[in-house]
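The values are calculated or read from the model by the stated rules, or taken from the named source; none is laboratory data. From a predicted model like this one, the values you see are computed outputs, not experimental measurements. Counting neighbours? That spans all protein chains shown, and the Cβs are built from the backbone with ideal geometry, glycine included.
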Amino acid sequence: MTDQVEHGKLFIGGTMTEPLGAEVIEVVSPHTGEVFARVPSASRADVDRAVALARGAFDHGPWPRMGLTERLAAVGRIRDGLAARHEEIARLITAQNGTPYTSSLRMQALGALAVWDAAMSVARDFVYEEPREGALGKLLVRREPVGVVAAIVPWNVPQFTAAAKLAPALLAGCPVVLKTSPETPLDAYVLAEAVADAGLPEGVLSILCADREVSEHLVGHPDVDKVSFTGSAAAGRRVMEVAARNLTRVTLELGGKSAAVVLPDADADTAVAGITPFAYLLNGQACVAQTRILVPRARHDEFADAFAAAASSLKAGDPLDPATELGPLVAERQQRRSLDYIRLGREEGAQVLVGGGTPDGLDRGWYVEATLFGNVDNSMRVAREEIFGPVVCLLPYRDEEEAVRIANDSEYGLSGSVWTEDPERGLDVARRVRTGTYSVNTFGVDVLGPFGGYKNSGLGREFGPEGYAAYFEHKMIHLPVDWSG
């Protein structure tokens with residue numbers, strides 16, 4: 001994508017609107033390192049305007065008072081508008097964050113559609129009001145929309161995470177102010193057009209791109225009732241701190257340092273083929289990436305050779321080339337971060353089995369080779385800290401108990417997997433590892449089940465009825481003793 005892209009307006013309350021500030025965000029191609037797009041950066045005044053419209057839409061507008069059938073129809077129109085342009089969305093995301101196009105198509109664009117579909121399915125089956133027998137008499141328990149939502153999404157999976165927040169919030173009856181990342185604002189304009197075509201009432205949805213200071217203003221706005229944030233653990237702590245001033249409800253989907261546990265009986269070919277794509281998922285820029293691979297000490301060298309061969313076979317190059325399997329990192333700072341951790345890993349005594357630098361022939365852009373460290377100790381920083389790049393650690397363990405201990409010896413608890421010829425044994429391991437999601441002889445994030453983390457990987461859940469429930473308040477109504485309704 002070489003054509004210059006220029007957007008001059010912000011999507012506020014359902015209408016493309018002139019920004020109140022003059023700041024501009026430049027979008028840099030991770031493949032070339034050159035600016036290829038410019039969009040307006042929202043100001044605090046733009047945020048105030050968007051929140052005021054959302055507040056009015058919630059307090060006085062039709063959206064929270066519509067029947068579910070009407071909201072489902074409107075949300076379905078948004079979904080269909082995105083489906084009609086899913087290839088364009090995939091290309092835009094690839095151009096912005098370097099995700100290989102085949103992955104963008106499958107995970108970024110089509111994956112987001114699956115999130116919209118799943119949310120509508122959950123909303124249809126959700127219980128919004130139920131009678132109960134209380135200790136003092138009859139009760140009616142209601143679930144009412146939480147209010148105005150600030151949804152803040154990251155650059156690595158912008159449409160997927162936007163759908164994870166927008167779909168349930170809108171279906172619940174909540175107006176939303178969506179804040180996109182400065183690295184990936186362009187696909188949000190396609191979303192805005194789909195929303196405009198869907199005909200939502202005024203104020204129900206605004207989409208803004210802004211810097212950190214303005215984002216904090218949104219999080220701390222007194223008229224925001226809930227914040228749903230996806231990003232790093234450090235940023236999540238700051239979101240929680242700012243939101244706490246108003247006791248604003250928060251859902252935080254944060255980082256990870258997930259462990260793939262290969263049990264002694266595992267077939268090497270199966271485990272390597274199953275783990276490798278998810279160890280280097282999104283060029284390593286995925287919170288659920290399986291970046292710690294735990295292998296039996298007696299088979300370390302066997303697995304080291306097999307994983308090194310798999311990693312070295314990943315084709316790096318232009319992310320828009322359908323043959324590319326490993327694209328550039330999103331920004332120069334991410335490239336520098338990964339290379340710094342590779343240097344640190346060497347200093348700590350870890351062995352570079354493959355990679356360790358930048359790919360030959362890719363002098364422009366923010367590329368890092370698929371890198372695999374062997375004989376890593378879990379006390380090393382490369383094993384403990386989220387790198388968010390294509391850097392993976394191979395950790396030997398003595399027995400199954402030690403494997404579980406190492407998997408749990410992390411400040412994170414988001415994802416993980418176990419690989420074995422005995423699924424029951426794998427399920428036992430899954431029950432003992434403290435993470436929000438886990439997979440046995442496979443890997444995935446099911447959009448109909450609860451997704452989220454333990455420990456520093458976040459608070460709350462997205463997807464499924466558990467994620468949908470996060471956009472409601474629970475009300476208890478005491479009924480007369482003679483109630484027969």
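Key figures
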quantity: Selection within the stretch 231-269 - touching a Phe, Trp or Tyr at 6+ places or on another chain (Cβ under 7 Å) and either in a helix (DSSP H, G or I) or surrounded by fewer than 16 Cβ atoms within 10 Å (Cβ to Cβ) (or both); calculated: 236, 239, 268
quantity: Single match in 335, 285 (criterion: closer than 21 Å to residue 158 by Cβ, polar (S, T, N, Q) and under 18 Å from the mean Cα position of the chain (by Cα)); calculated: 285
quantity: Residue match in the stretch 37-46 (condition: free of Cβ contacts under 8 Å to residues at least 24 places away in the same chain and not β-branched (Val, Ile, Thr)); calculated: no
quantity: Residue, surrounded by the fewest Cβ atoms within 10 Å (Cβ to Cβ), within the stretch 16-36, restricted to residues that are without any contact (Cβ under 8 Å) to a residue 40 or more places away in the chain and farther than 24 Å from residue 368 by Cβ; calculated: 22
quantity: Any hit, the stretch 169-181, residues being over 22 Å from residue 470 (Cα atoms) and not hydroxyl-bearing (Ser, Thr, Tyr); calculated: no
quantity: Check on residue 358, closer than 19 Å to residue 309 by Cα, without any contact (Cβ under 8 Å) to a residue 60 or more places away in the chain and of a type in the set (Ser, Thr, Tyr); calculated: yes
quantity: Flag if residue 282 is assigned to a helix (DSSP H, G or I) and surrounded by fewer than 20 Cβ atoms within 10 Å (Cβ to Cβ); calculated: no
quantity: Residue list for the stretch 149-161, restricted to those being surrounded by fewer than 24 Cβ atoms within 10 Å (Cβ to Cβ) and in a helix (DSSP H, G or I); calculated: 160
quantity: Test: residue in the stretch 118-126 that is buried (at least 22 other Cβ atoms within 10 Å of the Cβ) and out of contact with any Pro (no Cβ under 9 Å at 6 or more places or on another chain); calculated: yes
quantity: Odd one out for residue 276, checked against (1) within 24 Å of residue 453 (Cβ to Cβ); (2) not in a helix (DSSP H, G or I); calculated: (2)
quantity: Residue that is surrounded by fewer than 18 Cβ atoms within 10 Å (Cβ to Cβ), in contact with an Asp or Glu (Cβ under 9 Å, 6 or more places away or on another chain), in contact (Cβ under 8 Å) with a residue 40 or more places away in the chain and over 23 Å from residue 284 (Cα atoms), where the choices are 398, 381, 425; calculated: 425
quantity: Sole exception among (1) part of a helix (DSSP H, G or I); (2) farther than 21 Å from residue 146 by Cα; (3) within 17 Å of the chain's Cα centre (by Cα) for residue 214, by number; calculated: (3)
quantity: Residue ID - nearest to the chain's Cα centre (by Cα), chosen from residues in the stretch 432-457 that are of a type outside the set (S, T, N, Q) and not in a loop (DSSP other than H, G, I, E, B); calculated: 451
quantity: Residue under evaluation residue 177, criteria (1) assigned to a strand (DSSP E or B); (2) more than 19 Å from residue 62 (Cα to Cα), criterion not met; calculated: (2)
quantity: Number of the condition not met by residue 110 [criteria: (1) buried (at least 16 other Cβ atoms within 10 Å of the Cβ); (2) over 22 Å from the mean Cα position of the chain (by Cα); (3) of a type in the set (A, V, I, L, M)]; calculated: (2)
quantity: Tabulated pairs, the stretch 457-485, first over 20 Å from residue 115 (Cα atoms) and not assigned by TED's automatic domain parsing to the domain that holds residue 415, second of a type in the set (Gly, Ala, Ser) and modelled with pLDDT under 95, C-beta under 6 angstrom, 6+ apart or interchain; calculated: 481/137
quantity: Among residues of the stretch 84-128, those that are within 22 Å of residue 5 (Cα to Cα) and not hydroxyl-bearing (Ser, Thr, Tyr), counted; calculated: 18
quantity: Search result, residues across the stretch 458-485 that are in a strand (DSSP E or B) and of a type in the set (A, V, I, L, M); calculated: 459, 476, 477
quantity: Selected residue (only one of 376, 352, 295 is surrounded by 24 or more Cβ atoms within 10 Å (Cβ to Cβ) and modelled with pLDDT of 95 or more); calculated: 295
quantity: Single residue of 13, 76, 8 found to be surrounded by fewer than 16 Cβ atoms within 10 Å (Cβ to Cβ) and touching a helix residue (DSSP H, G or I) at 6+ places or on another chain (Cβ under 7 Å); calculated: 76
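Matching residues to (1) in contact with a Leu (Cβ under 8 Å, 6 or more places away or on another chain); (2) among the aliphatic types (A, V, I, L, M):
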{"site": "80", "(1), (2)": "no, no"}
{"site": "84", "(1), (2)": "no, yes"}
{"site": "91", "(1), (2)": "yes, no"}
{"site": "95", "(1), (2)": "yes, yes"}
{"site": "98", "(1), (2)": "yes, no"}
{"site": "102", "(1), (2)": "no, no"}
{"site": "107", "(1), (2)": "yes, yes"}
{"site": "112", "(1), (2)": "yes, yes"}
{"site": "117", "(1), (2)": "no, no"}
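Yes/no matrix, rows are residues, columns are (1) in contact (Cβ under 8 Å) with a residue 40 or more places away in the chain; (2) within 14 Å of the chain's Cα centre (by Cα):
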residue	(1), (2)
122	yes, no
130	no, no
138	yes, no
142	yes, no
146	yes, no
150	yes, no
155	yes, yes
161	yes, yes
169	yes, no
